[in-house]
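Asker: First the structure, which I've put down as structure tokens, then a few questions once you've had a look.
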Amino acid sequence: MHNLWKRTLLMTGATLLSSGMAYAQTPDLSDPPEIDGDMVGDHGSVTLRMGLGLAESSPQYISSQYFADILEQRSDGRITVNVFPNSQLGDDVQMMEMLQTGTLDMTYPSSSPATSYVEELAVFDLPFLLPTREAAIEAMRSEAAQEMLDAFDGTGIKALAFSENGFRQLSNSAREVSSPEDVAGLDVRGLAIRTMENPVHLDIWETLGANPTPMAFGELFSAMEQGVVDGQENPWSTILTSNFHEVQEFGSETRHVYTPFIKMISERTWDNLDPEYQALIQEAALKAADYEIQLSAEYDDWSRNQLEERGMKITRLDDEQIAAFQEAVQPVYEEWAPRIGEDLVEEFQQIAESSMTE
Ligand code: TK8
């Protein structure tokens, strides 16, 4: 294993220990693929600053260290990447703006807040569209998805690759949820749910009878701790690695949306790089994206089980209960499919259907 990789794992362990979590381990993660390929020529020293939203123990951070490893090894140490996790440089929206102004070199947001740059990305926000990881990967690696990455050109942001944030699950501090009625509350108010800054997500939770509030990820823990919101929705690995279980009693395995991450670099940074460095960064981004998807898959169920061990009451939903949620959010498709593009929605629905028959 690479030294940097060992340092990351040790730090991950230390971070988990320092946060007082007695469990202090990650799942049995696959090692990163061996770094191969030609060395690039000497085009000067470059240090890239990358801001991330999630913690050091997250697949997002671990795979970004592998990205850094590839660049460092293939440039003989001339390209280095300093990765800043935990939203310490800002949230997704702020860090994308910092790429546009050139005050930050790279970031790795969810696709949802990036719909303000490329509207078609909202296809990934349609509820229950991509039922399996295989379908999600095929969609993210499709020509239509590459066109969405290319559509960032000229915005100040170059989008390099899609990877996995994951299947989103509902958590809250008020009550067990296994139906849309539990979200809306029959004799009590609807759940106050934090959503990403994305109009489709707002629509989903309004349609379910909740009281949704868009909020930056970095503000979410304290908002839940202070009771400003009852709940949120994120993949199990994010709920675990961000310690949301400390302020969320209930979880529901809704898998209501599959969200990608997008690895991005500032166009100002990109345009100043030698083409050989650009090609290496693009190659490393794709390799790190594939590795991140693998890590995220290894984290998924393990994280849910860890959350239960830490006392979170997780409700698994059967097909009938999932169908009730799918039916309840059908109006979101009617509203958003025409705005996103019927052809694109149908293309992804075909990917989804074929993944279910394989
Ligand atoms: C982290 C966010 C997070 C996302 C959210 O930067 O905001 O809830 O799911 O992963 O991108």
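Asker: Label-point separation (nm) for I35 and Q226, each offset 7 Å from Cα along Cα-to-Cβ?
Answerer: 4.3 nm
Asker: Sort K158, K263, K287, K313 by heavy-atom solvent-accessible area, probe 1.4 angstrom, most to least.
Answerer: The most accessible residue leads, giving K313, K287, K158, K263.
Asker: Still on this structure, please answer the following. Please arrange R194, R78 by accessible surface area, largest first, computed with a 1.4 Å probe and ligands excluded.
Answerer: Largest accessible area first, the list is R78, R194.
Asker: Report, as a whole number in µm² per second, the diffusion coefficient that Stokes-Einstein gives for the chain at 4 °C and 1.567 mPa s using the Kirkwood radius over alpha carbon pairs.
Answerer: The Stokes-Einstein estimate is 62 µm²/s.
Asker: Using Cα springs under 10 Å in a Gaussian network model of the chain, which residue among L186, L273, L130 shows the largest mean-square fluctuation?
Answerer: For the chain, modelled as a Gaussian network with Cα springs under 10 Å, the answer is L186.
Asker: Using a 1.4 angstrom probe on heavy atoms only, work out the carbon and sulfur share of the accessible area of region 76-194 in %.
Answerer: Carbon with sulfur: 44 percent of the solvent-accessible area.
Asker: Ok, one more. For region 78-121, list residues with backbone N below 19 Å from a point placed 7 Å from the Cα of A279 toward its Cβ?
Answerer: 78-79
Asker: Taking the Cα of T315, stepping 7 Å toward and past its beta carbon, and measuring to each backbone N in region 122-166: which are under 19 Å?
Answerer: 128
Asker: Can you tell me the relative contact order of region 239-320? Whole percent, Cα pairs under 8 Å, sequence separation 6 or more.
Answerer: Taking the mean separation of contacting Cα pairs over the length of region 239-320, I get 70 percent.
Asker: Still on this structure, please answer the following. Top mean-square fluctuation among Q248, Q94, Q294, Gaussian network model of the chain, C-alpha springs under 10 Å?
Answerer: Q94
Asker: Moving on. Most fluctuating residue of G341, G231, G53 in a GNM of the chain with Cα springs under 10 Å: which is it?
Answerer: Its mean-square fluctuation being the largest, the pick is G341.
Asker: Using a 1.4 angstrom probe on the protein heavy atoms only, line up M356, M224 by accessible area, largest first.
Answerer: M356, M224
Asker: Modelling each spin label as a point 7 Å along the Cα-to-Cβ direction, I'd like the D153/T80 distance in nm, to one decimal.
Answerer: Result for the modelled spin labels: 3.3 nm.
Asker: With a sphere of radius 13 Å drawn around the Cβ of I293, what net charge do the other residues whose Cβ falls strictly inside it have (Lys, Arg +1; Asp, Glu -1)?
Answerer: Value of the local net charge: -3.
Asker: Calculate, for the chain, the solvent-accessible area per residue in square angstrom, rolling a 1.4 angstrom probe over the heavy atoms of the protein chains.
Answerer: With the other protein chains kept in place, the chain gives 40 Å² per residue.
Asker: Cβ under 14 Å from T213's Cβ, T213 left aside: what net charge do those residues give with Lys, Arg +1 and Asp, Glu -1?
Answerer: Charge balance near T213 sits at -4.
Asker: Using a cut-off of 11 Å between beta-carbons, work out the net charge of the residues near S116 (Lys and Arg +1, Asp and Glu -1, S116 not included).
Answerer: Here the count lands on -4.
The values are calculated or read from the model by the stated rules, or taken from the named source; none is laboratory data. Quick caveat, the model's predicted, so the values are computed rather than measured. Don't worry about glycine lacking a Cβ; one is built from the backbone with ideal geometry, like all the others, and counts go over all protein chains shown. Accessible surface is based on the protein model in full, side chains and every heavy atom, while ligands, DNA and RNA are left aside. Shrake-Rupley method; radii C 1.70, N 1.55, O 1.52, S 1.80 Å.
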